[in-house]
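The values are calculated or read from the model by the stated rules, or taken from the named source; none is laboratory data. This structure is a prediction, so every number in the text was calculated from the model and none was measured. Don't worry about glycine lacking a Cβ; one is built from the backbone with ideal geometry, like all the others, and counts go over all protein chains shown. Protein only, heavy atoms only, side chains kept; ligands, DNA and RNA dropped before computing areas. Shrake-Rupley method; radii C 1.70, N 1.55, O 1.52, S 1.80 Å.
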Amino acid sequence: MSPERLKTLAGCGDPASLRSALSELCTEFGRLTRLDVFTMAEARKRRALCFLRLESEAQERQLMAALGAARLGEDLLVIVDLPS
């Protein structure tokens, strides 16, 4: 994921604001059809696992190339480090 975009997402303090920021970010690639955000904490580190889908595979491939997202099954996965 590009460092600037990752910083923007990492600045989100809660799942709701992260969901909103991701939704806005995804609009440049296509319409978001699914977005699930799960937070976890491990060894003083907080992370969000963000699973998302866009309308088409072509849009998803563009998002993957631009943001460095990974495919996990049918979903794209973006991992965001959150403030502790």
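Below, the figures for the structure above:
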{"item": "Stretchable slack from residue 62 to residue 81, in nm (0.36 nm times residue separation minus alpha-carbon distance)", "result": "4.6 nm"}
{"item": "Length-normalised contact order for the chain - Cα pairs under 8 Å, 6+ apart - percent", "result": "33"}
{"item": "Solvent-accessible surface ranking, highest first, for 47, 61 at 1.4 angstrom", "result": "61, 47"}
{"item": "Per residue value of the accessible surface for the chain (all protein chains in place, 1.4 Å probe), Å²", "result": "60"}
{"item": "Candidates 30, 73, 11, ranked by Gaussian network fluctuation over the chain, Cα under 10 Å, top entry", "result": "73"}
{"item": "Accessible area of the stretch 1-73 belonging to carbon and sulfur atoms, whole % at 1.4 Å probe", "result": "52"}
{"item": "Heavy atoms of residue 57: accessible area, 1.4 Å probe, square angstrom to 10", "result": "120"}
{"item": "Residue (of 29, 76, 58) at the positive-pole extreme of the stretch 1-80, dipole from beta-carbon charges", "result": "76"}
{"item": "Mean projection area, nm², convex hull over Cα of the chain", "result": "5.0"}
{"item": "Total charge dipole magnitude, the stretch 10-84, about the Cα centre, Cβ charges on Lys, Arg, Asp, Glu only, Debye to nearest 20", "result": "240"}
